[in-house]
Amino acid sequence: MLLVTGVNGGLGALVLERLAGREGVVAGSRTPQRVPAGVPARLVDFDRPRTLAEAFTGVRTLLLISAGAAEDDVVIARHGAAIGAAERAGVDHVVYTSLSGDGDHLPYALAHRWTERRLRASATLRWTVLRNGLYAEFLGAITAPGPDGVISAPLGDGRLAAVARADLAEAAVNVALAPAG
Ligand SMILES: NC(=O)c1ccc[n+]([C@@H]2O[C@H](COP(=O)([O-])OP(=O)(O)OC[C@H]3O[C@@H](n4cnc5c(N)ncnc54)[C@H](OP(=O)(O)O)[C@@H]3O)[C@@H](O)[C@H]2O)c1
């Protein structure tokens, strides 16, 4: 069984779209009632670790979509709860959506680095870290001109490799369906 977390988020929804209808796919969300009809759904809330034992029962592969829009200590606690629960439930392989570089100095990179190290240190889990680039949608949003027609993002001449969420979703699906490869 493959369980995908965060399926009502931007990336998770695109992942689920590509997996819907496949045998053995389960959707995980804080709001499972919002999962499209026909897809088995389970309550998954990393802030309520007690939900995770039941949610991860029978799961072989966990596609752990980072739950990142919070302070580092909160995100670290979320990911720690998810990985601990995966270990206890006997999950075989965790696929984790991280950042393009493990040395990134972006403000939100710390929680990703912590999570990668936690996975590496696991005595039982196999894991794959997806090195997701900056969302093109995000870049588009911050570089859009304001009402005065001025683009005020401090990007300067810097170069960025941005990627559409849909492409990241496709890569995540391919990895999650054949994690050993
Ligand atoms: N590469 C980039 O440019 C970039 C930019 C921004 C963020 N990110 C990272 O990539 C992740 C996915 O991006 P996105 O666009 O899909 O973000 P998003 O639309 O904000 O969705 C994040 C999803 O994470 C899940 N989540 C949040 N808190 C959770 C909790 N306590 N327990 C379980 N699940 C929780 C939720 O899914 P449910 O609603 O289904 O519970 C939420 O909808 C983000 O969370 C962030 O870590 C990457």
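Taken together, the values in this text are just the output of simple stated rules run on the coordinates, not laboratory data. The model shown is predicted, which means the values in this text are computed figures rather than measured ones. Virtual Cβ from ideal backbone geometry, glycine too; neighbours counted across all protein chains shown.
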Notebook entry, point to check: Relative contact order (percent) for the range 9-64, with alpha-carbon contacts under 8 angstrom and 6 or more residues of separation?
Noted result: 22 percent
Note to self: I want the local charge near R30. Using Cβ-Cβ distances under 13 Å, sum +1 for each Lys or Arg and -1 for each Asp or Glu among the other residues.
What the structure shows: +2
Notebook entry, point to check: Which one of P32, P40, P145 has the biggest mean-square fluctuation once the chain is modelled by GNM with Cα springs under 10 Å?
Noted result: P145
Note to self: Can you show me the helix-derived [θ] at 222 nm for the chain, built from DSSP H runs with n ≥ 4 at -39,500 (n - 2.57) apiece and divided by the number of residues, rounded to the nearest 500.
What the structure shows: -11000 deg cm²/dmol
Next item on the list: Considering Cα pairs under 8 angstrom that are at least six residues apart, work out the relative contact order of the range 5-134 and quote it in whole percent.
Entry: 20 percent
Check: How do L14, L63 rank when sorted from fewest to most other Cβ atoms within 10 Å of their own Cβ?
Finding: L14, L63
Check: What order do you get for 2-12, 82-92 when each peptide is scored by the mean count of other beta carbon atoms within 10 Å, highest first?
Finding: 2-12, 82-92
Item checked: DSSP-assigned coil residues among GluC sites (Glu not before Pro) in the range 1-72, each with at most 14 further Cβ atoms within 10 Å -> E23, E71
Notebook entry, point to check: For E71 and L134 in one chain, what is 0.36 nm times their gap in residues minus the Cα-Cα distance, to one decimal in nm?
Noted result: 20.8 nm
Check: For T143 and A166, what does the FRET efficiency come to when R0 = 22 Å and r is the distance between their Cβ atoms, rounded to the nearest 0.05?
Finding: 0.70
Checklist line | Gain upon complete extension [V150, L43; 0.36 nm per residue less C-alpha separation] | finding: 34.2 nm
Notebook entry, point to check: In a GNM of the chain with a 10 Å cut-off on Cα contacts, which of A166, A27, A70 has the highest mean-square fluctuation?
Noted result: A70
Check: What order, most packed first, do the peptides 155-161, 129-135 have when packing is the mean number of other Cβ atoms within 10 Å of each residue?
Finding: 129-135, 155-161
Notebook entry, point to check: For the pair A20 and S122, how long in nm is the line joining their label points, each one 7 Å along Cα→Cβ?
Noted result: 2.8 nm
Next item on the list: Could you list which residues have their amide H under 5 Å from that of N132, counting only those 5 or more apart in sequence or on another chain, with H placed in the peptide plane?
Entry: S98, L99, S100
